[in-house]
Amino acid sequence: MLDAAWLESAAAVTELAAGAPLLVGGRSAGARVACRTSAAVGAVGVVCLAFPLHPPAHPERSRLEELLTPSVPVLVLQGDRDTFGSAGLVEQEAADRPGIQVVPVPGADHGMRVLKASPLPQREVAALVVSTVAAFADRILAAGR
C-alpha cells in the first residue's frame with residue numbers, strides 16, 4: 001500500500017522536476033519504501049533516516065534485503081540506541097555493500113531523540129542529520145553531472 005502510494009506520487013514529483021535527478025528517502029517505514037521503489041522511480045540515491053533493520057526484540061526478522069535492494073548510493077543515519085537496529089548493527093550487516101554509507105547518530109533512538117545525558121544535544125543531532133544529508137545530496141548530484 002505504501003509502495004503504491006509513493007509510486008503514484010513519485011510520477012507527479014518527477015514530472016514537476018522536469019528531468020532533474022531524483023533523490024528519495026524516508027524515515028523508518030518510509031526508508032523501507034524508498035529502498036524498495038528506488039529503481040522504479042529512477043532515483044539517483046536513497047536517504048534512510050532510522051532504517052528499521054528488524055522489529056524491536058526480533059533480530060531474527062531482518063529487513064536487510066530491503067536495505068540492499070537499491071543499486072544506487074544509500075545513506076543511512078541511524079541512532080546508536082535504535083531498538084530497530086543500532087547504527088553498529090546496521091554497519092555490520094551492510095559492511096560488504098560499498099554503496100551503503102552508515103552514519104551513527106550518537107545517543108539517538110529510532111525517532112532521533114536523545115536523552116539529556118547523551119553525547120549530543122537534540123539541536124546538534126538535527127544539525128548532524130541536515131549537514132550529512134546535504135553533503136550526500138551534493139556528492140550524488142555532482143557525480144551525475
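All conditions but one from (1) touching a His at 6+ places or on another chain (Cβ under 8 Å); (2) closer than 15 Å to Val133 by Cα; (3) free of Cβ contacts under 8 Å to residues at least 40 places away in the same chain; (4) not polar (S, T, N, Q) apply to Val46; the one that does not is (1). The set of residues in segment 3-56 that are touching a strand residue (DSSP E or B) at 6+ places or on another chain (Cβ under 9 Å) and farther than 17 Å from Pro70 by Cα comprises Val13, Thr14. Checking each residue of segment 67-74 against the condition of being buried (at least 21 other Cβ atoms within 10 Å of the Cβ), within 13 Å of the chain's Cα centre (by Cα), over 30 Å from Pro119 (Cα atoms) and not aromatic (Phe, Trp, Tyr) gives at least one match.
If you check Ser71, Ser118, Ser62 for being free of Cβ contacts under 8 Å to residues at least 24 places away in the same chain, in contact with a helix residue (DSSP H, G or I) (Cβ under 9 Å, 6 or more places away or on another chain) and either of a type in the set (Gly, Ala, Ser) or part of a helix (DSSP H, G or I) (or both), only one passes: Ser118. Within segment 23-44, the residues that satisfy the criterion of being over 22 Å from Leu89 (Cα atoms) and either crowded, with 24+ Cβ neighbours inside 10 Å or touching a Gly at 6+ places or on another chain (Cβ under 7 Å) (or both) are Leu23, Val24, Ala43, Val44.
Each value in this text was obtained by applying a stated rule to the coordinates, not by laboratory testing. If you're wondering where the values come from, they're calculated on a predicted model, not measured in any experiment. Methodologically, a virtual Cβ is constructed for each residue, glycine included, from the backbone with ideal geometry; neighbour enumeration extends over all protein chains shown.
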